[in-house]
Structures are given as C-alpha cells and as structure tokens.
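Inspection log for the structure reproduced underneath, given as structure tokens.
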Amino acid sequence: MKRTALAAILLPCLALAASFDPGKTLGGTNAPIVLEVFSSFDCPHCKVMHDELLPQIVRDFVVGGKVCLVEREFPLIGQGHLHAREAANYATAAARIGKYAAVADALWKNQATWATNGQVWETVATVLTAAEQKKVQALAKDPGVAAEVSRDVDEGTKDGIDRTPTMFITANGKRIMLPGGAPSYDLLNSVLHHYLGQ
C-alpha cells in the first residue's frame, strides 16, 4: 500500500494494546475503531488488498481519525511460501526503525519476483539507506523480531484465521473477524459506518 507519505503525518495508535507494534500502525490515538489486517507478503490476495482496498480505507477513515489501522503478520507456510516468513521478519525489523511502510510497499510491489527467486533482502534493501540496511539486518536476527512475528501467527491461529488476508474490527469493546478474506470496499465501508453509528 502506498502510505509512506501518510505515515509521516499520522500519529501511531499509541493507545492500543502492547501486543501491537506501534511501527505498524496508522491512525489517531482516539480512533473509535481498530482495524487489524493479518496478511502474508507473498499472498496475491493480500497484495490486491494492500494496493487497492487499504489506500481507500486510509483516505476515508484513517486520515479522519475514525479508524486506526494495524498491520499484523501471518506469513503463509508450505510449498510455494518459502520466503514469506523472511519477508515478515524484515518488515518487522524495519518497523523498529520507522521504515515499515517503505519496506512493505517494496515487498508488495515486487512480490512476484522475490516470492519466486528468494531475493527478499535485495528487495528490502532498495528502499533503505546503507545505515538503515545495517540496522534492519541486525534487527532481523534479533530473537525479539522473530518472536513478534510468531505472536501474530499464534494469535491469528488461536482466533481461527485459515486464510489471508483476514481482518478484525474492534469497536465498542468487541472484536470481530470479518469473514472471507478481503471484503469489497463497499462492504467494508458499510461495516465501518455501522460501527461508527453512521
């Protein structure tokens, strides 16, 4: 999702639970709705969602302070998903230096290439300075980064995620999973307006 510029002007959702990485959030601290998005960087459906649906949600709900968007990692496993976990680890490491959006954008944009040839780092490095590259490489080896990705996966599994992308909405003290992967903009717009009481 092209949100690098927006990330600089939006406050992170600091009021969220400690399990949310503030480097992977967009939105105001007083947003009445939290929208969690569990995705895998090698999932074609996730790419479409990040390229087409989420920019509209950011424009129409996050910028106005109605929604706080939280990116969660759910790297797919098995045949055809050999590099998803590595991509999630690099993105999570980049979040720790404020470069999640840039790295995520690069991974989505070049998904067809790195997911096939395994050149995840080469993709990530294109959007980082030399100093940032050193930091991200070191952080990607930090057990805390791998643990954060594992926590997202464990929580998603516990909550019944069986595909990516999967979205959760938290509003009025309740957290619900939206069914069936990425909804259309019209459906998500309708659901968000319902929870906003509009």
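The values are calculated or read from the model by the stated rules, or taken from the named source; none is laboratory data. Here the structure is a predicted model, which is why all the values come from computation and not from measurement. Cβ atoms come from the backbone with ideal geometry, glycine included; neighbour counts cover every protein chain shown.
Quick grid of which residues meet (1) among the aliphatic types (A, V, I, L, M); (2) surrounded by fewer than 12 Cβ atoms within 10 Å (Cβ to Cβ); (3) modelled with pLDDT under 95; (4) under 30 Å from VAL191 (Cβ atoms):
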| position | (1), (2), (3), (4) |
| --- | --- |
| LYS109 | no, no, no, yes |
| GLN119 | no, no, no, no |
| ALA125 | yes, no, no, no |
| GLN133 | no, no, no, no |
| PRO143 | no, yes, no, no |
| GLU148 | no, no, no, yes |
| GLY160 | no, yes, yes, yes |
| THR170 | no, no, yes, yes |
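For ASP154, are the conditions met, namely being among the charged types (D, E, K, R) and at pLDDT 95 or above?
Numbers: among the charged types (D, E, K, R): yes; at pLDDT 95 or above: yes.
In short, yes.
Any chance region 151-161 includes a residue that's of a type in the set (A, V, I, L, M), in contact with a Ser or Thr (Cβ under 6 Å, 6 or more places away or on another chain), touching a residue at least 12 places away in the same chain (Cβ under 8 Å) and closer than 16 Å to GLU71 by Cα?
no
For region 62-142, which helices (runs of 4 or more DSSP H) that fit wholly inside it have 2 or more residues that are touching a residue at least 24 places away in the same chain (Cβ under 8 Å) and within 26 Å of PRO32 (Cα to Cα)?
Counting at least 2 such residues, we get 84-95, 100-109.
Would you say THR170 is of a type in the set (Val, Ile, Thr) and touching a residue at least 60 places away in the same chain (Cβ under 8 Å)? Can you show your working first?
On the way: of a type in the set (Val, Ile, Thr): yes; touching a residue at least 60 places away in the same chain (Cβ under 8 Å): yes.
Here the answer is yes, as THR170 does meet what is asked.
Quick one: in region 147-198, of everything that is in a helix (DSSP H, G or I) and of a type in the set (Lys, Arg), which residue is farthest from the chain's Cα centre (by Cα)?
Only one residue tops the list, namely LYS158.
Check VAL191, VAL145 and return the single one that is under 26 Å from HIS83 (Cβ atoms) and in contact (Cβ under 8 Å) with a residue 12 or more places away in the chain.
Only one candidate passes the filter, namely VAL145.
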